[in-house]
Amino acid sequence: MFANRTGIRETNERTVLSVILNEGPLSRAQLSEKIGLNKASVSAIVKTLIDQQLIKEVGIGESTIQGGRKPIMLELNKAAGFAISVDIGHDYIDTMVHYLDGSTLKRKLLPFRVVEKATITADLVTILQEITAQLPESPFGIVGMTIAIHGIIHNNAIDFTPVYDFSDFPLAEELEKHLDYPIFLENEANLLALSEHAKNSDFSNLVCISIHAGVGAGIIMNDQLYTGENGLSGEIGHMIVQVNGNPCTCGGNGCLQTYSSEKVLLDTYRELSGNKEAIIPDVYRAYAKNDALATKLINNMIDYLTIAVHNIITLYNPRVIAIHSEISRLLPEFPEKIKHKLPHLTSANIQMKHASLGEEAILFGAAVVTIANFLEVPRFELKK
(Lines give C-alpha, C1' and ligand atoms only; values in the text may rest on other atoms or scores of the structure.)
Protein backbone atom coordinates (compact mmCIF):
# COMPACT_ATOMS: atom_id res chain seq x y z
CA MET A 1 0.00 0.00 0.00
CA PHE A 2 1.37 3.39 -0.98
CA ALA A 3 1.97 6.06 1.66
CA ASN A 4 4.39 8.95 1.93
CA ARG A 5 4.36 9.19 5.70
CA THR A 6 5.33 7.13 8.71
CA GLY A 7 1.86 5.85 8.78
CA ILE A 8 -1.14 4.60 10.53
CA ARG A 9 -0.52 0.89 10.58
CA GLU A 10 -2.30 -0.20 13.74
CA THR A 11 -5.92 -1.26 13.27
CA ASN A 12 -7.35 0.85 16.10
CA GLU A 13 -5.67 3.97 14.74
CA ARG A 14 -7.17 3.34 11.30
CA THR A 15 -10.58 2.85 12.88
CA VAL A 16 -10.37 6.06 14.93
CA LEU A 17 -9.28 8.06 11.89
CA SER A 18 -12.01 6.51 9.74
CA VAL A 19 -14.73 7.41 12.24
CA ILE A 20 -13.47 10.97 12.59
CA LEU A 21 -13.23 11.30 8.81
CA ASN A 22 -16.74 10.02 8.15
CA GLU A 23 -18.65 11.16 11.24
CA GLY A 24 -16.70 14.04 12.78
CA PRO A 25 -16.55 16.40 14.52
CA LEU A 26 -16.57 14.04 17.52
CA SER A 27 -15.30 14.18 21.07
CA ARG A 28 -12.95 11.64 22.59
CA ALA A 29 -15.83 10.27 24.64
CA GLN A 30 -18.00 9.87 21.55
CA LEU A 31 -15.16 8.08 19.78
CA SER A 32 -14.76 5.73 22.71
CA GLU A 33 -18.47 4.91 22.65
CA LYS A 34 -18.65 4.41 18.88
CA ILE A 35 -15.53 2.28 18.57
CA GLY A 36 -15.72 0.34 21.82
CA LEU A 37 -12.25 1.29 23.04
CA ASN A 38 -11.61 2.64 26.52
CA LYS A 39 -11.06 6.37 26.88
CA ALA A 40 -7.37 6.05 27.71
CA SER A 41 -6.69 4.12 24.49
CA VAL A 42 -8.70 6.61 22.43
CA SER A 43 -6.87 9.56 24.00
CA ALA A 44 -3.49 7.98 23.18
CA ILE A 45 -4.50 7.36 19.55
CA VAL A 46 -5.90 10.88 19.23
CA LYS A 47 -2.63 12.33 20.49
CA THR A 48 -0.72 10.36 17.86
CA LEU A 49 -3.02 11.55 15.08
CA ILE A 50 -2.79 15.16 16.25
CA ASP A 51 1.00 14.90 16.38
CA GLN A 52 0.92 13.57 12.80
CA GLN A 53 -1.26 16.59 11.89
CA LEU A 54 -3.96 14.31 10.45
CA ILE A 55 -6.66 15.48 12.85
CA LYS A 56 -7.17 18.68 14.81
CA GLU A 57 -9.18 20.06 17.71
CA VAL A 58 -11.87 22.36 16.40
CA GLY A 59 -13.87 23.70 19.28
CA ILE A 60 -16.06 22.93 22.24
CA GLY A 61 -19.07 20.63 22.08
CA GLU A 62 -22.15 20.41 24.25
CA SER A 63 -21.86 18.87 27.70
CA THR A 64 -23.87 15.75 28.56
CA ILE A 65 -27.15 15.88 30.44
CA GLN A 66 -25.16 15.05 33.56
CA GLY A 67 -23.25 18.31 33.12
CA GLY A 68 -19.51 18.55 33.59
CA ARG A 69 -16.80 19.98 31.39
CA LYS A 70 -17.71 20.54 27.76
CA PRO A 71 -15.81 18.21 25.40
CA ILE A 72 -13.21 19.25 22.86
CA MET A 73 -14.26 18.20 19.36
CA LEU A 74 -12.02 16.54 16.79
CA GLU A 75 -12.12 16.48 12.99
CA LEU A 76 -9.90 15.57 10.06
CA ASN A 77 -7.29 18.14 9.16
CA LYS A 78 -8.41 18.22 5.56
CA ALA A 79 -5.66 20.66 4.56
CA ALA A 80 -2.90 18.29 5.70
CA GLY A 81 -2.43 17.22 2.09
CA PHE A 82 -3.94 17.16 -1.38
CA ALA A 83 -5.12 14.49 -3.79
CA ILE A 84 -5.10 14.89 -7.57
CA SER A 85 -7.71 13.35 -9.86
CA VAL A 86 -7.44 13.09 -13.64
CA ASP A 87 -9.99 11.82 -16.16
CA ILE A 88 -8.55 11.15 -19.62
CA GLY A 89 -11.36 11.01 -22.17
CA HIS A 90 -11.06 10.38 -25.88
CA ASP A 91 -10.86 14.12 -26.57
CA TYR A 92 -10.50 15.83 -23.18
CA ILE A 93 -8.44 15.90 -19.98
CA ASP A 94 -10.28 16.81 -16.78
CA THR A 95 -8.37 17.48 -13.56
CA MET A 96 -9.23 18.26 -9.97
CA VAL A 97 -7.30 18.94 -6.75
CA HIS A 98 -8.98 17.77 -3.54
CA TYR A 99 -8.51 18.28 0.16
CA LEU A 100 -8.20 15.09 2.24
CA ASP A 101 -11.95 14.99 2.89
CA GLY A 102 -12.57 14.84 -0.87
CA SER A 103 -13.80 18.41 -1.18
CA THR A 104 -12.59 20.44 -4.14
CA LEU A 105 -9.79 22.97 -4.08
CA LYS A 106 -9.67 23.58 -7.84
CA ARG A 107 -10.67 22.02 -11.14
CA LYS A 108 -9.37 22.45 -14.68
CA LEU A 109 -11.14 20.97 -17.70
CA LEU A 110 -9.34 20.92 -21.05
CA PRO A 111 -11.86 19.97 -23.77
CA PHE A 112 -11.22 19.16 -27.42
CA ARG A 113 -7.73 17.81 -26.77
CA VAL A 114 -5.77 15.41 -28.94
CA VAL A 115 -5.13 12.44 -26.63
CA GLU A 116 -2.42 10.06 -27.81
CA LYS A 117 0.36 7.95 -26.36
CA ALA A 118 3.19 9.96 -27.90
CA THR A 119 2.31 13.17 -26.04
CA ILE A 120 0.19 12.23 -23.03
CA THR A 121 3.04 12.03 -20.49
CA ALA A 122 4.40 15.47 -21.35
CA ASP A 123 0.87 16.92 -21.54
CA LEU A 124 -0.04 15.60 -18.10
CA VAL A 125 3.19 16.78 -16.49
CA THR A 126 2.62 20.29 -17.86
CA ILE A 127 -1.02 20.33 -16.73
CA LEU A 128 -0.13 19.03 -13.26
CA GLN A 129 2.58 21.64 -12.83
CA GLU A 130 0.03 24.34 -13.67
CA ILE A 131 -2.71 23.16 -11.29
CA THR A 132 -0.33 22.48 -8.38
CA ALA A 133 1.94 25.52 -8.74
CA GLN A 134 0.26 27.55 -6.00
CA LEU A 135 -1.01 24.94 -3.58
CA PRO A 136 -1.04 26.08 0.06
CA GLU A 137 1.62 24.82 2.45
CA SER A 138 0.66 21.49 4.02
CA PRO A 139 2.35 18.78 6.12
CA PHE A 140 2.11 16.08 3.44
CA GLY A 141 1.81 18.00 0.18
CA ILE A 142 0.43 15.95 -2.71
CA VAL A 143 -0.39 12.49 -1.34
CA GLY A 144 -1.12 10.82 -4.66
CA MET A 145 -2.95 10.91 -7.96
CA THR A 146 -5.56 8.62 -9.49
CA ILE A 147 -6.12 8.64 -13.25
CA ALA A 148 -9.37 7.50 -14.84
CA ILE A 149 -8.69 5.46 -17.97
CA HIS A 150 -11.48 4.62 -20.42
CA GLY A 151 -10.46 1.01 -20.88
CA ILE A 152 -9.43 -2.15 -19.03
CA ILE A 153 -7.10 -1.72 -16.06
CA HIS A 154 -5.55 -4.62 -14.15
CA ASN A 155 -2.92 -4.41 -11.41
CA ASN A 156 -2.44 -0.68 -12.02
CA ALA A 157 -1.60 -1.30 -15.67
CA ILE A 158 -3.48 -0.56 -18.90
CA ASP A 159 -4.50 -3.72 -20.76
CA PHE A 160 -6.82 -2.32 -23.43
CA THR A 161 -8.14 1.09 -24.46
CA PRO A 162 -10.59 1.27 -27.37
CA VAL A 163 -10.72 5.07 -27.71
CA TYR A 164 -7.02 5.99 -27.59
CA ASP A 165 -3.74 4.17 -28.20
CA PHE A 166 -2.77 3.40 -24.58
CA SER A 167 -3.04 -0.41 -24.67
CA ASP A 168 -0.03 -1.89 -22.82
CA PHE A 169 1.41 1.62 -22.38
CA PRO A 170 3.14 1.99 -18.95
CA LEU A 171 1.58 5.37 -18.17
CA ALA A 172 2.04 5.18 -14.40
CA GLU A 173 5.71 4.28 -14.73
CA GLU A 174 6.31 7.07 -17.25
CA LEU A 175 4.70 9.65 -14.98
CA GLU A 176 6.59 8.42 -11.92
CA LYS A 177 9.81 9.47 -13.69
CA HIS A 178 8.62 13.08 -13.29
CA LEU A 179 6.48 12.99 -10.13
CA ASP A 180 7.32 12.07 -6.55
CA TYR A 181 3.95 10.75 -5.36
CA PRO A 182 2.04 7.50 -5.92
CA ILE A 183 0.02 7.13 -9.13
CA PHE A 184 -3.01 4.88 -9.40
CA LEU A 185 -4.77 3.90 -12.63
CA GLU A 186 -8.40 2.79 -12.61
CA ASN A 187 -11.21 2.26 -15.09
CA GLU A 188 -13.44 5.33 -15.25
CA ALA A 189 -16.68 3.40 -14.69
CA ASN A 190 -15.19 1.77 -11.58
CA LEU A 191 -14.35 5.23 -10.24
CA LEU A 192 -17.89 6.33 -11.00
CA ALA A 193 -19.20 3.42 -8.89
CA LEU A 194 -16.80 4.23 -6.05
CA SER A 195 -18.00 7.84 -5.96
CA GLU A 196 -21.65 6.76 -5.93
CA HIS A 197 -20.99 4.31 -3.10
CA ALA A 198 -18.97 6.86 -1.12
CA LYS A 199 -21.79 9.38 -1.52
CA ASN A 200 -24.53 6.85 -0.68
CA SER A 201 -22.93 4.30 1.63
CA ASP A 202 -26.30 2.61 2.31
CA PHE A 203 -26.25 1.37 -1.31
CA SER A 204 -24.38 -1.90 -0.77
CA ASN A 205 -25.15 -3.22 -4.27
CA LEU A 206 -25.11 -0.81 -7.19
CA VAL A 207 -24.07 -0.49 -10.80
CA CYS A 208 -23.02 2.76 -12.45
CA ILE A 209 -23.12 3.08 -16.23
CA SER A 210 -20.65 5.50 -17.79
CA ILE A 211 -21.49 6.60 -21.33
CA HIS A 212 -18.83 8.54 -23.22
CA ALA A 213 -16.84 7.41 -26.26
CA GLY A 214 -17.62 3.90 -25.03
CA VAL A 215 -19.98 2.39 -22.48
CA GLY A 216 -18.77 0.88 -19.22
CA ALA A 217 -20.19 -0.24 -15.89
CA GLY A 218 -18.74 -0.01 -12.41
CA ILE A 219 -20.07 -2.69 -10.07
CA ILE A 220 -20.29 -2.57 -6.28
CA MET A 221 -21.25 -5.91 -4.70
CA ASN A 222 -21.71 -6.16 -0.94
CA ASP A 223 -19.89 -2.83 -0.50
CA GLN A 224 -16.88 -3.94 -2.55
CA LEU A 225 -15.79 -2.98 -6.05
CA TYR A 226 -16.06 -6.02 -8.31
CA THR A 227 -13.67 -6.15 -11.28
CA GLY A 228 -13.56 -9.85 -12.12
CA GLU A 229 -10.57 -12.07 -12.74
CA ASN A 230 -8.53 -9.63 -14.83
CA GLY A 231 -10.43 -6.35 -14.83
CA LEU A 232 -12.82 -7.18 -17.67
CA SER A 233 -15.98 -7.20 -15.54
CA GLY A 234 -18.20 -4.23 -16.32
CA GLU A 235 -17.08 -3.80 -19.93
CA ILE A 236 -20.71 -3.74 -21.01
CA GLY A 237 -19.84 -1.68 -24.08
CA HIS A 238 -18.75 -5.00 -25.55
CA MET A 239 -21.98 -6.77 -24.67
CA ILE A 240 -23.45 -7.96 -27.99
CA VAL A 241 -26.86 -6.39 -28.53
CA GLN A 242 -27.21 -6.99 -32.27
CA VAL A 243 -26.26 -10.26 -33.99
CA ASN A 244 -23.83 -9.61 -36.87
CA GLY A 245 -24.11 -5.91 -36.13
CA ASN A 246 -21.75 -2.96 -36.36
CA PRO A 247 -18.01 -3.74 -36.18
CA CYS A 248 -16.34 -2.78 -32.91
CA THR A 249 -12.76 -1.88 -31.96
CA CYS A 250 -12.64 -5.00 -29.76
CA GLY A 251 -12.83 -7.17 -32.89
CA GLY A 252 -16.44 -8.18 -32.36
CA ASN A 253 -19.67 -7.17 -34.06
CA GLY A 254 -22.87 -5.76 -32.65
CA CYS A 255 -21.37 -4.41 -29.40
CA LEU A 256 -23.45 -2.02 -27.30
CA GLN A 257 -21.03 0.89 -27.63
CA THR A 258 -21.41 0.86 -31.42
CA TYR A 259 -25.09 1.77 -30.88
CA SER A 260 -25.33 3.64 -27.56
CA SER A 261 -22.13 5.60 -26.92
CA GLU A 262 -22.19 9.38 -27.01
CA LYS A 263 -19.50 9.32 -29.69
CA VAL A 264 -21.69 7.19 -31.97
CA LEU A 265 -24.70 9.42 -31.21
CA LEU A 266 -22.73 12.55 -32.07
CA ASP A 267 -20.93 11.15 -35.10
CA THR A 268 -24.20 9.90 -36.59
CA TYR A 269 -25.98 13.19 -35.91
CA ARG A 270 -23.16 15.16 -37.52
CA GLU A 271 -23.19 12.96 -40.61
CA LEU A 272 -26.97 12.87 -41.14
CA SER A 273 -27.72 16.47 -40.14
CA GLY A 274 -24.85 17.95 -42.11
CA ASN A 275 -23.76 19.91 -39.01
CA LYS A 276 -20.12 18.80 -38.78
CA GLU A 277 -19.45 21.03 -35.75
CA ALA A 278 -22.35 19.77 -33.64
CA ILE A 279 -21.77 18.92 -30.00
CA ILE A 280 -23.96 16.97 -27.57
CA PRO A 281 -25.93 20.05 -26.40
CA ASP A 282 -26.86 20.66 -30.06
CA VAL A 283 -28.33 17.16 -30.28
CA TYR A 284 -30.26 17.82 -27.06
CA ARG A 285 -31.62 21.14 -28.31
CA ALA A 286 -32.80 19.49 -31.54
CA TYR A 287 -34.43 16.71 -29.50
CA ALA A 288 -36.16 19.29 -27.28
CA LYS A 289 -37.63 20.84 -30.45
CA ASN A 290 -38.94 17.42 -31.55
CA ASP A 291 -36.44 17.19 -34.41
CA ALA A 292 -37.10 13.83 -36.08
CA LEU A 293 -33.43 12.87 -36.49
CA ALA A 294 -32.36 13.75 -32.94
CA THR A 295 -35.44 12.03 -31.52
CA LYS A 296 -34.77 8.84 -33.49
CA LEU A 297 -31.09 8.73 -32.50
CA ILE A 298 -31.72 9.29 -28.78
CA ASN A 299 -34.60 6.81 -28.72
CA ASN A 300 -32.39 4.20 -30.41
CA MET A 301 -29.70 4.87 -27.84
CA ILE A 302 -32.18 4.32 -25.02
CA ASP A 303 -33.53 1.14 -26.64
CA TYR A 304 -30.11 -0.49 -26.75
CA LEU A 305 -29.21 0.71 -23.26
CA THR A 306 -32.42 -0.90 -22.02
CA ILE A 307 -31.17 -4.27 -23.30
CA ALA A 308 -27.92 -3.77 -21.40
CA VAL A 309 -29.67 -2.64 -18.20
CA HIS A 310 -32.01 -5.65 -18.33
CA ASN A 311 -29.00 -7.97 -18.63
CA ILE A 312 -27.16 -6.19 -15.80
CA ILE A 313 -30.12 -6.56 -13.45
CA THR A 314 -30.52 -10.26 -14.19
CA LEU A 315 -26.78 -10.81 -13.62
CA TYR A 316 -26.09 -8.66 -10.56
CA ASN A 317 -29.49 -7.73 -9.08
CA PRO A 318 -28.34 -4.33 -7.78
CA ARG A 319 -30.49 -2.02 -5.72
CA VAL A 320 -29.51 1.01 -7.80
CA ILE A 321 -28.36 1.71 -11.34
CA ALA A 322 -26.93 5.19 -11.85
CA ILE A 323 -26.33 6.73 -15.28
CA HIS A 324 -23.46 9.12 -16.03
CA SER A 325 -23.28 10.91 -19.37
CA GLU A 326 -23.65 14.38 -20.81
CA ILE A 327 -26.82 13.56 -22.74
CA SER A 328 -28.49 12.00 -19.69
CA ARG A 329 -27.72 15.08 -17.58
CA LEU A 330 -29.39 17.24 -20.23
CA LEU A 331 -32.42 14.91 -20.26
CA PRO A 332 -33.60 14.57 -16.63
CA GLU A 333 -36.05 11.82 -17.64
CA PHE A 334 -33.31 9.70 -19.26
CA PRO A 335 -33.00 7.01 -16.50
CA GLU A 336 -36.76 6.77 -16.16
CA LYS A 337 -37.16 6.26 -19.91
CA ILE A 338 -34.89 3.22 -19.63
CA LYS A 339 -36.78 1.87 -16.63
CA HIS A 340 -40.11 2.35 -18.40
CA LYS A 341 -38.93 0.07 -21.23
CA LEU A 342 -37.76 -2.71 -18.90
CA PRO A 343 -39.95 -5.80 -18.44
CA HIS A 344 -41.74 -6.03 -15.09
CA LEU A 345 -39.41 -8.74 -13.80
CA THR A 346 -36.39 -6.44 -13.82
CA SER A 347 -38.05 -3.03 -13.33
CA ALA A 348 -40.05 -3.84 -10.19
CA ASN A 349 -37.35 -3.42 -7.54
CA ILE A 350 -34.71 -1.28 -9.19
CA GLN A 351 -33.95 2.40 -8.69
CA MET A 352 -32.78 4.09 -11.88
CA LYS A 353 -31.15 7.46 -11.31
CA HIS A 354 -28.52 9.95 -12.40
CA ALA A 355 -25.05 9.73 -10.86
CA SER A 356 -25.19 11.70 -7.61
CA LEU A 357 -22.13 13.85 -8.25
CA GLY A 358 -22.93 14.92 -11.81
CA GLU A 359 -20.24 15.53 -14.38
CA GLU A 360 -17.51 15.50 -11.70
CA ALA A 361 -18.46 12.04 -10.37
CA ILE A 362 -15.49 10.21 -11.93
CA LEU A 363 -13.06 12.74 -10.46
CA PHE A 364 -14.55 12.27 -7.00
CA GLY A 365 -14.23 8.51 -7.39
CA ALA A 366 -10.55 9.04 -8.15
CA ALA A 367 -10.26 11.08 -4.95
CA VAL A 368 -11.76 8.16 -3.00
CA VAL A 369 -8.98 5.87 -4.27
CA THR A 370 -6.13 8.28 -3.54
CA ILE A 371 -7.31 9.41 -0.11
CA ALA A 372 -8.32 5.96 1.12
CA ASN A 373 -4.88 4.64 0.16
CA PHE A 374 -3.08 7.52 1.85
CA LEU A 375 -5.07 7.46 5.09
CA GLU A 376 -5.38 3.65 5.01
CA VAL A 377 -8.98 3.83 6.19
CA PRO A 378 -11.45 0.96 5.68
CA ARG A 379 -14.27 3.31 4.66
CA PHE A 380 -14.46 6.74 3.10
CA GLU A 381 -17.64 8.76 2.65
CA LEU A 382 -17.98 11.81 0.44
CA LYS A 383 -19.99 14.58 2.06
CA LYS A 384 -20.13 16.89 -1.00
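The values are calculated or read from the model by the stated rules, or taken from the named source; none is laboratory data. Just so you know, these numbers come straight off a predicted model, no measurement behind them. Cβ sites come from the backbone with ideal geometry, for glycine too, and all protein chains shown count toward neighbours. Ligands, DNA and RNA are stripped out before the accessible areas are found, and what is left, the full protein with its side chains, is counted by its heavy atoms. Shrake-Rupley method; radii C 1.70, N 1.55, O 1.52, S 1.80 Å.
Scan the range 221-236 and give yes if some residue there is over 22 Å from the mean Cα position of the chain (by Cα) and among the β-branched types (V, I, T), otherwise no. No, the range 221-236 has no match at all.
Of all residues in the range 339-384, which are of a type in the set (S, T, N, Q) and crowded, with 24+ Cβ neighbours inside 10 Å?
Filtering the range 339-384 for residues of a type in the set (S, T, N, Q) gives 346-347, 349, 351, 356, 370, 373.
Answer for the range 339-384, where residues must be of a type in the set (S, T, N, Q) and crowded, with 24+ Cβ neighbours inside 10 Å: just T370.
Of all residues in the range 231-247, those satisfying the criterion of being free of Cβ contacts under 8 Å to residues at least 12 places away in the same chain and not polar (S, T, N, Q) are V243, P247.
If you go through the range 167-184 and keep only what is under 20 Å from the mean Cα position of the chain (by Cα) and under 16 Å from D123 (Cβ atoms), you end up with L171, A172, I183.
Hey, does the range 71-86 have a residue that's open to solvent by less than 20 Å² (accessible area, probe 1.4 Å), over 27 Å from T249 (Cα atoms), part of a loop (DSSP other than H, G, I, E, B) and modelled with pLDDT of 95 or more? Yes, the range 71-86 has at least one match. Taking the conditions (1) outside any strand (DSSP E or B); (2) modelled with pLDDT of 95 or more; (3) in contact with a helix residue (DSSP H, G or I) (Cβ under 8 Å, 6 or more places away or on another chain); (4) not small (G, A, S) in turn, I219 satisfies each one other than (1).
On inspection, T146 fails the criterion of being more than 16 Å from the chain's Cα centre (by Cα) and among the β-branched types (V, I, T).
Is it true that some residue in the range 184-194 is assigned to a strand (DSSP E or B), open to solvent by less than 30 Å² (accessible area, probe 1.4 Å), without any contact (Cβ under 8 Å) to a residue 40 or more places away in the chain and among the hydrophobic types (A, V, I, L, M, F, W, C)? Scanning the range 184-194, I find at least one residue that is assigned to a strand (DSSP E or B), open to solvent by less than 30 Å² (accessible area, probe 1.4 Å), without any contact (Cβ under 8 Å) to a residue 40 or more places away in the chain and among the hydrophobic types (A, V, I, L, M, F, W, C), so the answer is yes. Selection over the range 245-302 of residues that are in contact with a Gly (Cβ under 9 Å, 6 or more places away or on another chain), hydrophobic (A, V, I, L, M, F, W, C), at pLDDT 95 or above and open to solvent by 40 Å² or more (accessible area, probe 1.4 Å) gives a count of 0. Residues that are open to solvent by 30 Å² or more (accessible area, probe 1.4 Å) and aromatic (F, W, Y) were ranked within the range 122-168; the one that is nearest to I55 (Cα to Cα) is F140.
When A372, A366 are screened for being touching a residue at least 60 places away in the same chain (Cβ under 8 Å), among the aliphatic types (A, V, I, L, M) and not in a loop (DSSP other than H, G, I, E, B), only A366 passes. Is there a residue being surrounded by 21 or more Cβ atoms within 10 Å (Cβ to Cβ) and among the small types (G, A, S) anywhere in the range 327-338? Among the residues of the range 327-338, at least one is surrounded by 21 or more Cβ atoms within 10 Å (Cβ to Cβ) and among the small types (G, A, S), which makes the answer yes.
Just to be sure before I move on: is A322 hydrophobic (A, V, I, L, M, F, W, C), open to solvent by less than 50 Å² (accessible area, probe 1.4 Å) and assigned to a helix (DSSP H, G or I) in the structure I sent? Taking the combined requirement at face value, the residue does not satisfy it. When F140 is evaluated against the numbered criteria (1) in contact (Cβ under 8 Å) with a residue 60 or more places away in the chain; (2) closer than 19 Å to I362 by Cβ, which criterion, by number, is the only one it fails? Only one criterion in (1) in contact (Cβ under 8 Å) with a residue 60 or more places away in the chain; (2) closer than 19 Å to I362 by Cβ is unmet by F140, namely (2). In the range 137-152, of all residues being modelled with pLDDT of 95 or more and not in a loop (DSSP other than H, G, I, E, B), the one that is farthest from F82 (Cα to Cα) corresponds to I149. For G61, the conditions (1) modelled with pLDDT under 80; (2) small (G, A, S); (3) under 33 Å from the mean Cα position of the chain (by Cα) are fulfilled apart from (3).
Go through (1) within 24 Å of the chain's Cα centre (by Cα); (2) part of a helix (DSSP H, G or I); (3) more than 21 Å from Q242 (Cβ to Cβ) for Y284 and report which single condition fails. Every listed condition holds for Y284 apart from (1).
Among residues of the range 76-98 that are of a type in the set (D, E), those with a Cβ under 6 angstrom from a residue that is assigned to a helix (DSSP H, G or I), sequence gap 6+ or separate chain, pair up as D87/I362; D87/L363. If you go through the range 90-121 and keep only what is open to solvent by less than 60 Å² (accessible area, probe 1.4 Å), farther than 22 Å from S210 by Cβ and not hydrophobic (A, V, I, L, M, F, W, C), you end up with Y99, D101, S103, T119, T121.
Kindly check whether there is at least one residue in the range 224-240 that is in a strand (DSSP E or B) and farther than 24 Å from L375 by Cβ.
yes
Here the range 99-120 is the region considered, the condition is being touching a residue at least 40 places away in the same chain (Cβ under 8 Å) and out of contact with any Lys or Arg (no Cβ under 8 Å at 6 or more places or on another chain), and the residue that is nearest to P25 (Cα to Cα) is R107.
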